[in-house]
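The values are calculated or read from the model by the stated rules, or taken from the named source; none is laboratory data. Since we're looking at a predicted model, the values are computed, not measured. Positions of Cβ are generated from backbone atoms using ideal geometry, with glycine treated the same way; all protein chains shown enter the neighbour counts. Keep in mind that these areas ignore ligands, DNA and RNA; they rest on the heavy atoms of the full protein, side chains included. Shrake-Rupley method; radii C 1.70, N 1.55, O 1.52, S 1.80 Å.
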Amino acid sequence: MSDQTNTYETKTITDILSELKVQVATGLSDEEVTKRRATYGLNEVKEKKQSLILLFLKHFWGLTAIMLEFTIVISFLLYKYADVYLIGGLMLFNAIIGFMQESKAAKTVQALKQSLQVLVRVLRNSEWQQVSGDQLVPGDIIRIRTGDFITADAKIIDGMAGADQSAISGESMLISKKEGDMLFSGSVIKNGECNAVVTATGVNTFFGKTIQLVQMAKPRLHMEEVVANIVKILFAIVLVFVGITIAFSLLRGGTFLFMLPLVLILLVTAVPVALPAMFTVSMAKGSQELAAKGILVSRLSATEDAATLTTLCIDKTGTLTQNRLFIHDIETAENFTADDVLRYGLLASVIANNDPVDMAFLQKVTENRTDTSGYRQISFTPFSAAAKRTEAIVQKNDKQFKVMKGAYNTIKDVCNLQQSKLDKTVDAWAAKGFKTMAVAVQRDDVITLAGIVALVDPPLSDSGKMITELKELGVTVKMLTGDALPIAREIGTQVGVGDDIVAAGLLREHAAASDSYSTIISHNGFAEVLPQDKFTIVKTLQQHQEITGMTGDGVNDAPALKQAEVGIAVKSATDAAKQAASVILLHEGLESIIKLITVGRTIHHRITNWVISKISKTLFTVVFVCGAYFITGQFVVSAFDMVLLLFIIDFVTLTLSTDIVIWSKKPESWNIKPMIKRGFLLGLFLIAEALIWLFIGKKYFEITDIDQLHTLGFATLFFASIFNIFVIRTPTRFYRQPISKSLLLAIIADVILACIIISLGLPGFKALPVIVTFSSLIYFAFCSLIINDWVKGKPHS
């Protein structure tokens, strides 16, 4: 809470009105409002927006992009302009795809924000008028009613109201506010009416300070780390074999200038030109699939991060629970029934106030079909901080009596009870985190306790199922809540999170001793947490290599939602929470999280397949070209051949983003070693098969012309690579796992195109006899689908 807010909490209304130079009867003048807006700005927290130009240009920065740009420079120096145009075009294509997807997601979030604008009743120039919430300035006199969303911190001048601050503090209980109390931005008024003076707007409000914490949060982008690691591996393969080949050539009397085409060819081979596009297309496809299920992804990488999610921090109020009070249990005093308790409790309520406690009585009376006919409420005295109870005069059959409800100890004192048989029940309920309300009736000046009810904010219907499924998927669940410890333990037990919930104070103590991580992982969750605690928990988990998710609905959840790799805002979330989150649920319930994880793991599997394909193909291409040079003293492919191959192979494998795969039952990880192992194994077999075919082509098809040799080299690299896709896309036999229609059609179209090019030729690309073309096709189909598919590993059942 800001220092300014603390100051206004302790100051009197008279002092505040004097300091803000405003009259309660007239409000501010338009002239004064203009001056103050110039001083304080709009009542909003400005987002740090990145320039669209910079957002586009960032796609041309990074290790992959720099390698591509270096290749373009070398091509230009060697006057290979076709290569310059082709590679530059591919880079531009990828940049446009990424920019369009990111812009679309940003516009969606902005539309959400605009749909949540609030109108406020404000007194200006002695007249009440409605203005947008962002137009308020300090000193404005505002009228607050039931259902209003508070957009600025304000001090109540007169009247009273029940404020729901769950979006700020996480507390689901209604907070009674009276004259002189502060109302904080982000609160919702559930009952009552009052006038108040605005004391803070924008970043100076409690809401604003929390949003600033959100802007400080920076999620880790694992995708960037993965891309960099893959590029380094591919580049290392090239450097090793280029170094060996250059040394070999120089020993034979060659020159470096003579070797420059080889450097260019292999550099092009190492560059995973389609990798960023593969990531982007896969994420976009996943986002579209999730949107159809009511899950909006506002940061593309969050979909893939969901696949590797290891720990999910779940907010209790409104996320695991319904954020509504219900009567869980009833205990009656002597000579009273449960229906009496419910009836008198309802009669001591005003439903129009929309008070959560009153609504709980109405719901239970309706559910139990308790008869309230013939009773008429004559007058009602609302809850006050002094009385701590509601009262009503009720008439039945021309007789009047009083009913009341309130905190147990308050009603007990009114009844002059020193001890009651219900004391033990109240203590037992308190241990479970239930809120106890007592009901009493007064007849002939005698006040009698009728009974007590236990109020709870129960779990959502799907919470228990979701927690179970998350655990089955290998995800650790931590519950974080601003509620009291007993309530947190009870809910944690009910939904299956566990009962090992501790107060956040313990976490803060251990944080000072730099032992917060062990504290976090050793408990099922934390109660009485502050926004900074949630933020710290997420960041601490990330520092220990946990891929962290966070669900929430309130302003108090926003910083942690922004920091987490997977920040999930539920449907009822505040604007701040939705803006901070990377995933927004558009439907009630949390089962959507399971869908998010399974779709994420599907995407991960597809990207992994592409990476294995790229590693095996890069190793195969580099060693084949170098090996052929050692054997023949000639390059068996030209630079143009390599760039053409890069285009028709790499971008056909983009359709792996649509392939049918089986998602993992446990969190995925970007462990590069297994991918390298599998890629190298397949690469080595491809090398041997390709060298054998080169020997067959030279000896039996009598291909000795250098131009035809280049075409044979192209055919060898193409057919070996295209059929390798069938091998790497599944760990089992290629025919056991269905293939997507789009991938199969892309492969068929690619093969037809390559056969035409190889058989008919292009300018600078000499044709091969048709028999050689189709012999190459059959040979590599057999090698990949029979031999390589068998050696890739034991099939999974």
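Just a few scattered comments:
- Among beta bridges that DSSP assigns inside the chain, antiparallel share in %, nearest 5: 75 percent
- The H on the amide N of ALA348, modeled in the peptide plane, is under 5 Å from the matching H of no residue at least 5 residues off or on a different chain.
- Sequence-distant residues sharing a close amide H with THR476 (under 5 Å, placed H): THR311, LEU312
- Residue-count net charge about VAL611 - beta-carbon cut-off 11 Å; Lys, Arg +1, Asp, Glu -1: +4
- Long pairs among LYS177/LYS435; LYS177/LYS432; LYS178/LYS562; LYS177/LYS396; LYS178/LYS539, criterion Cα-Cα beyond 30 Å: LYS178/LYS562; LYS177/LYS396; LYS178/LYS539
- Within the same chain, aspartates and glutamates fewer than 8 places from LYS285 are excluded, and of the rest, those with a Cα less than 17 Å from its Cα are GLU102, GLU304, ASP305, ASP659.
- For the set TRP670, TRP663, TRP128, solvent exposure ranked by accessible area (probe 1.4 Å, protein chains only) runs largest to smallest as TRP128, TRP663, TRP670.
- Average silhouette area of region 445-512, convex hull of alpha-carbon atoms, in square nanometres: 7.8 nm²
- Peptides 613-619, 140-146, 736-742 ordered by average Cβ neighbours within 10 Å, highest first: 613-619, 140-146, 736-742
- For region 486-502, backbone phi angles converted through the Karplus equation (6.51, -1.76, 1.60; θ = phi - 60°) give residue-by-residue couplings of x, 4, 4, 5, 5, 5, x, 5, 4, 8, x, 5, x, 9, 7, 9, 10 Hz, Gly and Pro being listed as x.
- Heavy-atom accessible area for LYS766, with the other protein chains in place and a 1.4 Å probe, reaches approximately 90 Å².
- Scalar couplings 3J(HN,Hα) for region 135-146, obtained by applying the Karplus form with A = 6.51, B = -1.76, C = 1.60 to θ = phi - 60°, are 8, 5, 10, x, x, 5, 8, 10, 9, 10, 10, 4 Hz; x denotes Gly and Pro.
- Mean Cβ count within 10 Å, highest first, over the residues of peptides 341-350, 374-383: 341-350, 374-383
- As a rough guide to protection, the peptides 13-24, 499-510, 458-469, 541-552 ranked by mean Cβ packing within 10 Å, highest first, stand as 541-552, 458-469, 499-510, 13-24.
- Cross-link reach is defined here as a Cα-Cα straight distance under 28 Å, omitting same-chain residues fewer than 8 places apart; for LYS35 the lysines meeting it are LYS11, LYS21, LYS46, LYS48, LYS49, LYS113, LYS155, LYS209.
- Environment charge at ASP659 (Cβ cut-off 9 Å; Lys +1, Arg +1, Asp -1, Glu -1): +2
- In this structure, the residue pairs whose Cα-Cα separation is over 32 Å, taken from LYS421/LYS534; LYS741/LYS792; LYS316/LYS388; LYS534/LYS677; LYS673/LYS766; LYS478/LYS578, are LYS421/LYS534; LYS534/LYS677; LYS673/LYS766.
- Looking at the chain, the accessible area is 42 square angstrom per residue; that uses a 1.4 Å probe and ignores ligands, DNA and RNA.
- Where Rh is the Kirkwood radius over Cα pairs, Rg/Rh for region 706-776: 1.06
- Surface share of carbon and sulfur [accessible, 1.4 angstrom probe, percent] for region 473-524: 53 percent
- Net length available on complete extension from LEU745 to ASP339 is 139.2 nm, with 0.36 nm assigned per residue and the Cα-Cα distance removed.
- Over the chain, DSSP H runs of length four or greater, each weighted -39,500 (n - 2.57), average out per residue to a 222 nm ellipticity of -16000 deg cm²/dmol.
- Inverse mean reciprocal Cα-Cα distance (Kirkwood Rh) of region 555-606, Å: 11.4 Å
- Tail fraction, Cα-Cα pairs, region 407-551, threshold 23 Å, whole percent: 49 percent
- Electrostatic tally near ASP789: other residues with Cβ closer than 11 Å to its Cβ, Lys and Arg +1, Asp and Glu -1, net +4.
- Rg then Dmax, both in Å and based on the Cα atoms of region 370-492: 19.7, 65.
- Cross-link reach list, aspartates and glutamates versus LYS699, counting only Cα pairs under 20 Å and skipping chain neighbours closer than eight places: GLU689, ASP707
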